[in-house]
Amino acid sequence: MAEAGQDEEREGAPAEDAPAPRRKGRRALILGAAALVTVLGSAGAAYQFVPQVSQTLHGVVGGKARPEPGAIAGPMFIDLPEMAVTLPNGGRARQMRIRLSVELAKRSADVPPTEILSPRVYDALLTYLRTLRDGELDGGLAIDRLRADLYRRLTLVLGPGVVADVLITGLVVA
């Protein structure tokens, strides 16, 4: 019976060794912290991997000036349509199909792309391509010579400082 009396004393008196009861506010605090970490992590990932988010944020905060509409941020390329040319080859004609991309110089923002796609440019390029002989397209340096000649023709037609480079994106000779 003595044991029963001791149990009654333990129940009636506050127990110092017993753990405090958990509060419901602690669970809400943990869930709120987890939600905050998720939101901040998602915002950080969007800022890092989506360019429009970082540009908008920089525009709002004012940390980075937005480029002017006429300024070219990086290299600007203009793809020319594919050109097909018959090459003179003694008595046997050969066909050449070429596709070009023109890289504009950074300071040529005032030249509209419609001028680069003008018939005058096509005429200059096709006139040069029709004068190519069969042996001029053979050899390791043929493509480099072709690119250099096309660059020179475009510089003559459009003026100096407009074209930065000419890229041959497709070439078939059959």
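Things worth noting here:
- Gain upon complete extension [Y122, V173; 0.36 nm per residue less C-alpha separation]: 16.4 nm
- Packing-based exposure ordering (other Cβ within 10 Å, fewest first) of T127, T155: T127, T155
- Exposure proxy order (Cβ contacts within 10 Å, fewest to most) of L40, L80: L40, L80
Rule-based calculations on the coordinates, nothing more; no lab input. In this text, all values refer to a predicted model and were calculated from it rather than measured experimentally. Don't worry about glycine lacking a Cβ; one is built from the backbone with ideal geometry, like all the others, and counts go over all protein chains shown.
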